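Here's the structure, in structure tokens; my notes come after.
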Amino acid sequence: MNSPAAIRVSGLQHFYGDRCALAGLSFEVPDGEIFGVLGPNGGGKTTLFRVLSTLIPPRQGEVALFGMGLPQQTAQVRGAIGVVFQSPSLDPQLTVYENLSHQAALYGLSKSVCETRSAELLETMGLTDRRDEFTKTLSGGLRRRVELAKGMIHQPRLLLMDEPSTGLDPGARSDLWRYLLQLRDEMGVTILLTTHLLEEADKVDRIAIIHEGSLVALDSPDALRAEMGGDTITLETDDPPGLASRIQSQFDVSAAVLDGVVRLELVEGPSWVPRLMESFAADVSAIRLGRPTLEDLFIARTGHRFWSGDDGPNEVAANRRKAKRRH
């Protein structure tokens, strides 16, 4: 008999008043997989994470973790999951070990078990020499490792992570992923993470891309890119609608205007660049050729850029800095 999926979501809907946050979401995550949920801010990732981590009950639809349904078996589910939130959850006035031991006490672990598991996790995370340091003195990357160890102290079968790379520099992100792969490969932990970072989504085994609460794509990153089947060409011009119309008329290809540039998806893109420039050089200020990306897939499925207007990565970072200053 096959064991149940680590996560099974079927027809999940959630509303905040009249606003639909999740619109009939359905997917499964098998045991032993790193599964990503990718979407722009406001797309439904946070609501899904809150449901899976038992912070809010599912209103409509079915959700089961290892065959245990929510909200009926919330207590059992909580014993099987570890959660790493986007916002820091460490007590800065406690040492690394004290943070772990407090978490262990919440799960009813004995002192001897806590000692053993803490030692194992600190070694796995490269934190043994930091055991007695106060977490407020650690770098962002080291604190994230402690968060991971804290989430794993009770040996959960499933680790849920909300925007795990938030605030980390490239080196710390690389370290984080090395530990996540170690958890999957050596400890058999299933991992689900939410992210709005396209480069992070490329690292998972499979990914669900959601937009406005709906599932728009589900597969491995490589398989999703392969669906595009061509290259992406963008052209900058003073008259995007006019240029797009002339390209379509002359070459009988689809040309879309997106965020003020003309965008084409074409097989054998490199051969098209000289043809386009020969015909429209006087109208084009810049032309770019690229291989298909997850953002290209997002655009093809939704008709929107992944980052739009004020929701770009620089603006999001600026807003976070402003929020920190206010608090």
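Here are some notes:
- Residue-level analysis places Phe27 among those that are hydrophobic (A, V, I, L, M, F, W, C), within 26 Å of Glu200 (Cβ to Cβ) and either part of a strand (DSSP E or B) or modelled with pLDDT of 95 or more (or both).
- Apart from one condition, Thr194 fits all of (1) touching an Asp or Glu at 6+ places or on another chain (Cβ under 9 Å); (2) surrounded by fewer than 22 Cβ atoms within 10 Å (Cβ to Cβ); (3) modelled with pLDDT of 95 or more; the exception is (2).
- Members of region 197-210 that are of a type outside the set (A, V, I, L, M, F, W, C), more than 20 Å from Glu28 (Cα to Cα) and either modelled with pLDDT of 90 or more or in contact with a Leu (Cβ under 8 Å, 6 or more places away or on another chain) (or both): Glu200
- Residue that is farthest from Ile153 (Cα to Cα) [pool: residues in region 47-72 that are surrounded by fewer than 17 Cβ atoms within 10 Å (Cβ to Cβ) and among the polar types (S, T, N, Q)]: Gln60
- Residues of region 109-118 satisfying the condition of being exposed (fewer than 14 other Cβ atoms within 10 Å of the Cβ) and closer than 19 Å to Met187 by Cβ: Thr116
- Within region 11-20, one or more residues are modelled with pLDDT of 95 or more and either among the small types (Gly, Ala, Ser) or under 17 Å from Thr190 (Cα atoms) (or both).
- Looking only at residues of region 6-50 that are touching a strand residue (DSSP E or B) at 6+ places or on another chain (Cβ under 6 Å) and of a type in the set (Val, Ile, Thr), we find that the one that is farthest from Phe306 (Cα to Cα) is Ile7.
The values are calculated or read from the model by the stated rules, or taken from the named source; none is laboratory data. Quick caveat: nothing in here was measured; it's all calculated off a predicted structure. Counting neighbours? That spans all protein chains shown, and the Cβs are built from the backbone with ideal geometry, glycine included.
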